[in-house]
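Everything on this sheet refers to the single structure shown next.
The values are calculated or read from the model by the stated rules, or taken from the named source; none is laboratory data. As the structure is a prediction and not an experimental result, all values here were calculated from the model. Because the Cβ atoms are built from the backbone with ideal geometry, glycine has one as well, and the counts that use them run over all protein chains shown. Please note that ligands, DNA and RNA were not included when accessible areas were found on the heavy atoms of the full protein model with its side chains. Shrake-Rupley method; radii C 1.70, N 1.55, O 1.52, S 1.80 Å.
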Amino acid sequence: MSLEIPKITDEAVSEFAGTLRGTLIGSDDEGYDEARSVWNGMIDKHPALIVQCAGTADVISAVTFAKERGIPISVKGGGHNIAGRAVEDDALMIDLSPMNSVRVDPDAKTARVEPGVVLNELDYETQAFGLATPAGYNSTTGIAGLTLGGGWGWLSRKHGLTVDNLLSADVVTAQGELVHASEDENEDLFWGLRGGGGNFGIVTSFEYQLHEVGPTVLSGPIVHPFDDAETVLSGFRDFAADAPNDATVWCVIRHAPPLPFIPEEWHGRRVVILATFYAGEMEDGEEVLQSVRDIGDPIADAVGPHPYAGWQQAFDGLAPAGNRHYWKSHNFIELTDEMIETFVEYGETIPTEETEIAIPHLGGAINEKPVGETAYPHRNAEFIMNLHTQWTDPDQDEECIAWARDMHEAMAPHATGGVYANFVPEEVGDQQAAYRENYDRLVEVKNKWDSENLFRFNHNVEPTK
């Protein structure tokens, strides 16, 4: 095993490896490049060592080893973070992906989930009992990073954020100790974990509240010509104004992917897609979503009964691992005519066929919580804009990033000034925008649980002492 960290001897590394049930990988070992890779193909960093943890004991050993020797720590769950914070040059990468068990209690409607689990694994286990918890919209996303940033998806208008359904967590602290956090134990830490990112420790187990969902739900995309974008966006806005919490519709501007329900002559052409979902009874959903289906003159309408787990995976293929990704995001309270005009303007200049302008409709149960109840502060956003800028050719980096930044700047006058932390593409982002009025309280939690900022490769809250 090669050793490229000054301060550490081969003997120390060998001794460390002997304490692990999992695997320790160095830069010359087989599997190193695969282990250091993450979802965003723009990230190309080389950790000094990678610990693939088999359990909590390995996490404790890794934290202790790194802290005693002053080695930086990065933490990988699903590796899906847009900024690639799971991996850092010359750091010890604590890889949690082998820790992927899910234990469902169907009577209590809870699930105990390890941090290496990705969303399709969680759905597979919970849907065996007709249960689910609100999670993201790409099923290859890791549950850990999603949750720690807040987490929202198709169920969130009805059941709230992922963190609103978090009941407890087991956490390895900067002191290398395992603690339990809940509403009744280490309450300050539990508050900070629900939207404050990986700032306070490494979560080795999440406990979620589950809800009855599916296994079949009413969902599906409706595809419109881009020439009708203003009509479609206006209709989307009108529906959202009075939509029940069971209903969620997202608007997406992009080039039509080669999906079987879209006529072949439209493949590769600009379109506007209304992605629909109803969390309640099928008959009620058909009535509620009919007004969305009546908007304009669609090219294709694939709304119908679908397996919930299948709908959760429906768009995975549009954002494959290894592509180059750069996102920019805003929160909005409303959609105005001027905003719709700007969406259409930039929709005409989308730089690649993989890029999309996504406008999820949130609100509902998410906004029924007070701002201070969890660290996640964005309880007034009704809509989010996320620019999924995506490409494969490195020569397009400058063009694609510039397009995203230009559109982000153009939409800024209409935005709340807040941004979802999980959507920040830079390694160092605007913490005040991400954490808003909860930032000062997060600093207090950081001071108590990680005063030396051991866990800093995240959307970092810096301690004051």
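Observations, loosely collected:
- Across region 1-144, Cα-Cα pairs more than 27 Å apart make up 27 percent of the total.
- Sequence-distant contacts, meaning Cα pairs under 8 Å at least 6 residues apart, place the relative contact order of region 106-189 at 20 percent.
- Once both labels are positioned 7 Å from their Cα atoms along Cα-to-Cβ, the gap between residue 9 and residue 321 label points is 3.8 nm.
- Carbon plus sulfur fraction of accessible area for region 259-416, probe 1.4 Å, in percent: 45
- Unsatisfied cross-links (Cα-Cα over 31 Å) in the set 45/158; 109/328; 76/446; 45/369: 45/158; 109/328; 45/369
- Dipole magnitude (debye, nearest 20) for region 260-320, charges at Cβ of Lys, Arg, Asp, Glu: 380
- For residue 379, solvent-accessible area (1.4 Å; no DNA, RNA or ligand), Å²: 10
- Per residue, the convex hull spanned by the Cα atoms of region 51-133 amounts to 93 cubic angstrom.
- A full extension of the chain between residue 177 and residue 242 corresponds to an added length of 18.6 nm, given 0.36 nm per residue minus the alpha carbon distance.
- Calculated diffusion of region 385-428, Stokes-Einstein form, Kirkwood radius summed over Cα pairs, 20 °C and 1.002 mPa s, µm²/s: 182
- Debye intensity ratio in log₁₀ form over the Cα atoms of region 217-271, taken at each q of 0.17 Å⁻¹: -0.62
- Within-13-Å neighbourhood charge of residue 350 [Cβ basis; K, R +1; D, E -1]: -4
- Treating each Cα of region 315-387 as an identical point scatterer and summing with the Debye formula, the log10 of I(q)/I(0) at q = 0.14, 0.16, 0.18 Å⁻¹ comes to -0.59, -0.74, -0.86.
- Inter-part distance where region 177-226 and region 360-394 are each reduced to a Cα centre, Å: 14
- Residue 281 paired with residue 107, simple spin-label distance in nm, labels 7 Å along Cα-to-beta-carbon: 3.0
- Largest-first principal axis extents of the Cα set of region 58-203 (Å): 47, 32, 24
- Each semi-axis of the equivalent ellipsoid for region 362-459 is √(5λ) with λ an eigenvalue of the Cα gyration tensor; in descending order they amount to 28, 20, 11 Å.
- For region 34-99 and region 101-122, distance of Cα centres in Å: 23
- Residue 337 sits with roughly 100 Å² accessible to a 1.4 Å probe, with DNA, RNA and ligands left out of the calculation.
- One decimal place: the segment residue 368-residue 313 gains 17.0 nm when fully extended, by the rule 0.36 nm per residue minus the C-alpha distance.
- Its relative contact order, with pairs defined as Cα atoms under 8 Å and 6+ residues apart, puts the chain at 16 percent.
- Cα gyration tensor of region 276-422 - equivalent ellipsoid semi-axes, whole Å, descending: 27, 22, 17
- Using alpha carbons only: equivalent-ellipsoid semi-axes of region 87-129, gyration tensor based, whole Å: 29, 10, 6
- Residue-span extension gain [residue 447 to residue 184] - 0.36 nm each, minus C-alpha spacing: 92.6 nm
- Taking region 9-111 and dividing mean pair separation by its residue count, relative contact order in percent (alpha carbons under 8 Å, at least six apart): 28
- Proportion of all alpha-carbon pairs of the chain beyond 29 Å (%): 47
- Debye-sum result for region 297-336 in log10 I(q)/I(0), which assumes one identical scatterer on each alpha carbon, at q = 0.31, 0.36 Å⁻¹: -1.01, -1.24
- Three principal axis extents describe the C-alpha atoms of region 59-99; from largest down they are 30, 23, 9 Å.
- Seen against the Cα atoms of the chain and their longest principal axis, helix 397-411 is set at about 60 degrees.
- Note that region 168-313, at 20 °C in a medium of 1.002 mPa s, gets a Stokes-Einstein diffusion coefficient of 118 µm²/s from its Kirkwood radius over C-alpha pairs.
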